[in-house]
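Heads up: the structure comes next, in structure tokens.
The values are calculated or read from the model by the stated rules, or taken from the named source; none is laboratory data. These numbers were taken from a predicted model, which means no experiment stands behind them. Counting neighbours? That spans all protein chains shown, and the Cβs are built from the backbone with ideal geometry, glycine included. The area values use the complete protein model at the heavy-atom level, side chains included, leaving out ligands, DNA and RNA. Shrake-Rupley method; radii C 1.70, N 1.55, O 1.52, S 1.80 Å.
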Amino acid sequence: MSKTIIHTDKTPAAIGAYSQAVRAGDTVYMSGQIPLDPATMTVVGNGDFRTEAHQVFKNLQAVAEAAGGTLGDIVKLNAYLTDLANFAVFNEVMAEFIQEPFPARAAVGVASLPKGVQVEAEAVLVLNA
């Protein structure tokens, strides 16, 4: 099975040795997205968690679309939060972008994330399911 690298300018460029996403067959593995504005490569929100979470899902949405899918095609989502007190807000924002049935998910509290952001999320999509 071959793999296809997914890239879009509508999402921040990779800031390390990774691709925005990789498609293998009908499965798309999306790299973690943090709340960077793709045009300026700067963190959005000035510390507001909800704004950061919205940008994360906008970035995930752009990658999903570049892969030929939607956020509704996500089967697994992993979220990383620097403060689990923001868990309820993360759920609210996620529900604005993804409708039921919701994907499988993990939410993990972490000590820190790149660029000092409060949230990162990665996902796995299955297309044509």
Worksheet entry | Accessible carbon and sulfur surface of segment 1-110 relative to its total accessible area, %, 1.4 Å | 52 percent
Fill in: Helix-only [θ]222 nm of the chain, DSSP H runs n ≥ 4, -39500 (n - 2.57) each, per residue, nearest 500
-7500 deg cm²/dmol
Item to complete: Identify, among 25, 11, 64, the residue whose Cα sits farthest towards the positive end of the charge dipole of the chain, taking +1 on the Cβ of Lys and Arg and -1 on the Cβ of Asp and Glu, with the dipole about the Cα centre.
Response: 25
Practice prompt. Kindly state, as a whole number, the per residue volume in cubic angstrom of the convex hull around the alpha carbon atoms of segment 1-119.
Written response: 105 Å³
Worksheet entry | Only Lys, Arg (+1) and Asp, Glu (-1) charged, at Cβ; the chain dipole about Cα centre in debye | 300 debye
Discussion item. Rounded to whole Å, give me the distance from the Cα center of segment 114-129 to that of segment 38-106.
Written reply: 7 Å
